[in-house]
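A short worksheet on the structure shown next.
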Number of protein chains: 2
Amino acid sequence: MSLLDLFFGEKKKTASVAKERLQIILAHERGERSAHAPDYLPALRAELIAVVKKYVQINDSDIQIHHQGNLDVLEVKIDLPDTRPGNLAGPSAS
Amino acid sequence: MSLLDLFFGEKKKTASVAKERLQIILAHERGERSAHAPDYLPALRAELIAVVKKYVQINDSDIQIHHQGNLDVLEVKIDLPDTRPGNLAGPSAS
């Protein structure tokens, strides 16, 4: 599995034109002796999202939180708008 | 490949006791029409690292930047110190 597949999943294969994308992941792995996530994790998540929002627009649907075994993962996947002239109407409709 | 392997790689199998860990990834995929990373990417990277540093200690060796094809990835992998009583001397020596 290449790093590209890893981050953007299979979706990219179906896109007619590869879109510009940004992905942010915050993964916390609880150790054998730490039954819970650190109490600062929610605040850290919120602050990371707030920082990204200063640079690009994030929709609620772009944000996912996964829990898998002892792993808590915040995942933010953003399709960036095509900002070339003539495309400034926002995210391309293709 | 499970999400756990994905984020923490094979190292976890050799660790005698699974340590508590945090990983942050910022991945930018250039689209077919965007030859360069956005000019805000370095500032966004720096700000994300600054936010994480407010919560946990990050060593320079924890930070890596990968370039693979049209993918630019900032990866921060942090082994969190064992904060249980009797272990407050900082990162466990095991």
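Distances from residue B:50 to itself in the other copies, using label points 7 Å out along the Cα-Cβ axis, amount to 1.4 nm in increasing order. Closest approach of a chain B Cβ to the axis relating B and A (residue, whole Å): B:25, 2.
For the cross-link pairs A:19/B:19; B:19/B:53; A:54/B:77, which exceed 27 Å when the distance is taken from alpha carbon to alpha carbon? Flagged as over cut-off: A:19/B:19. Once backbone amide H atoms are built at 1.01 Å from N, residue A:80 has A:20, A:21, A:22 as its partners under 5 Å, excluding neighbours fewer than 5 places away on the same chain.
Every read-out reported here was derived from the displayed coordinates using simple, explicitly stated rules and does not represent laboratory data. Just so it is clear, the structure is predicted and the values come from calculations on it, not from any experiment. Cβ coordinates were reconstructed from backbone atoms using ideal geometry, including for glycine residues, and neighbour counts include every protein chain displayed.
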